[in-house]
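Step one of this worksheet: look at the structure below.
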Amino acid sequence: MTDNSNDNKLKTDNSYAHFLKEQGNYVITVGGIDWYEYQGFMVPAYLPHCIPQISAEVAQEVLRMSGRPFARWDREFGREQSSEWWYVLKRGPWDIGHIKDKKKRWMIRQGKKFYTVRPLSSNEVISECPKVAKLATTRYKGKVYVESQQVLKNRAKTVDKWPDVVEYIGCFYKDILVSYSENHIQNNAVWLSNIRHVPAFLKKYSGYGLLDGILDYYLNKKKMDYVLDGSRSIHHKTNIQEHLMKVFGFSKEYAILNVAYIGKFKVMVKTAYPFRNTMGSLCDKWTNSFLDNVGAVLKQEEIRKSCEKLKK
């Protein structure tokens with residue numbers, strides 16, 4: 001469950017919100033609670049175990065101030081009763097011996113054997129991460145965002161300024177950086193915000209080596225409470241969360257999803273909601289960013305409605 005004893009401290013001194021703002025994110029504070037823009041909508045600037053209690057009135061004020069179409073937040077993180085809204089994470093300690101699949105254990109050990117995983121310096125973020133980010137895009141079809149040298153240079157400055165909030169972990173083959181993860185840290189937990197791989201090395205188990213190193217570093221050495229992949233994926237077609245649960249022992253931890261809409265957007269969602277299954281079928285057939293966004297909003301509304309029935 002959310003540790004509300006941390007609410008006052010986080011409301012008055014949320015280093016994570018300051019870090020997000022310095023990275024160029026739109027950040028506002030309403031009622032002592034920090035919010036930032038994520039993919040065009042507003043979310044609290046906290047990892048799930050730190051989210052303060054949020055009222056519908058505060059959420060509406062966030063929408064009024066920001067002008068964004070909706071705000072999303074959750075409560076009851078870690079609830080025992082399952083719901084349609086969850087986070088995928090791994091709690092410690094990390095031990096390869098706990099992996100039941102012998103083949104997967106062998107792949108992880110191959111990753112440990114051939115790669116070195118360690119934190120990156122700011123100079124390495126500037127000089128090496130852009131190369132990995134550019135090569136990583138060859139795995140995907142269509143237009144893919146690539147961090148520029150300047151973007152990563154700006155991020156590297158925040159690494160030096162906020163060492164307790166952001167950290168880059170790199171996976172090396174000899175002296176070549178082949179994978180990295182940008183990790184956001186808050187109140188003894190870490191979110192794997194952004195991971196990039198050089199595709200050629202994935203065939204040689206670099207992805208397994210990187211995750212093994214990350215889990216060992218944060219869960220065993222730094223004794224953090226959990227390593228977070230993120231919330232349930234409703235926007236991107238990916239099997240990464242299933243992979244993490246099957247191979248590395250990540251699990252679902254449930255929460256209650258809340259969403260507040262601005263007036264006009266709420267009407268649009270309500271009108272389109274009966275056609276959500278048709279929209280979902282179209283998204284499965286065609287790759288289209290507009291359809292994908294509409295489908296995600298309607299799926300989110302479906303999850304919100306299901307969570308509404310579970311609220312105490």
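Entry for region 14-107 at q = 0.24 Å⁻¹: log10 I(q)/I(0) = -1.26, Debye formula applied to identical alpha-carbon scatterers, no solvent contribution. Extension gain for Asp160-Trp286 works out to 41.1 nm (0.36 nm per residue, less the C-alpha to C-alpha distance). Couplings 3J(HN,Hα) for region 212-227, derived from phi with the Karplus relation 6.51 cos²θ - 1.76 cosθ + 1.60 (θ = phi - 60°), are 4, x, 5, 5, 5, 5, 7, 8, 8, 7, 8, 6, 6, 5, 7, 10 Hz, where x marks Gly and Pro. In this Cβ point-charge picture (+1 for Lys and Arg, -1 for Asp and Glu), the chain has a dipole of about 1120 debye about its Cα centre.
Restricting the calculation to Cα atoms, region 88-252 shows an Rg/Rh of 0.94 when the hydrodynamic-style radius is the Kirkwood one. Residues His98, His243, His184, arranged from fewest to most other Cβ atoms within 10 angstrom of their Cβ, appear as His98, His243, His184. Pair-distance distribution of region 271-312: all C-alpha pairs, bin width 5 Å, starting at 0; shares per bin in whole percent are 5, 25, 28, 18, 12, 7, 4, 1. Return the loop-located chymotrypsin sites (Phe, Trp or Tyr not before Pro) in region 48-144 (DSSP other than H, G, I, E, B) with at most 11 other Cβ atoms within 10 Å of their own Cβ; answer none if there are none. For chymotrypsin sites (Phe, Trp or Tyr not before Pro) across region 48-144 that sit outside H, G, I, E and B with at most 11 neighbouring Cβ atoms in 10 Å, the list reads Tyr140. Sorted from greatest to least, the principal axis extents spanned by the alpha carbons of the chain come out as 56, 46, 41 Å.
Panel order for Asp175, Asp95, Asp229, by other beta carbons found within 10 Å of each beta carbon, from fewest to most: Asp175, Asp95, Asp229.
Given +1 at the Cβ of Lys and Arg, -1 at the Cβ of Asp and Glu and no other charges, the dipole of region 88-252 around its Cα centre is 700 debye to the nearest 20. Its DSSP H runs of at least 4 residues, each contributing -39,500 (n - 2.57), put the calculated 222 nm mean residue ellipticity of the chain at -12000 deg cm²/dmol, to the nearest 500. For the residue pairs Lys113/Lys153; Lys270/Lys309; Lys222/Lys305, the C-alpha atoms sit more than 29 angstrom apart in Lys113/Lys153; Lys222/Lys305.
The label-point distance for Asp95 and Gln81, in a model that sets each label 7 Å from Cα toward Cβ, rounds to 3.4 nm.
FYI, it's all coordinate maths here, none of it is from the lab. Predicted model only: the values in this text are computed from it and were never measured. Every residue, glycine among them, receives a Cβ derived from its backbone with ideal geometry; neighbour counts consider all protein chains shown.
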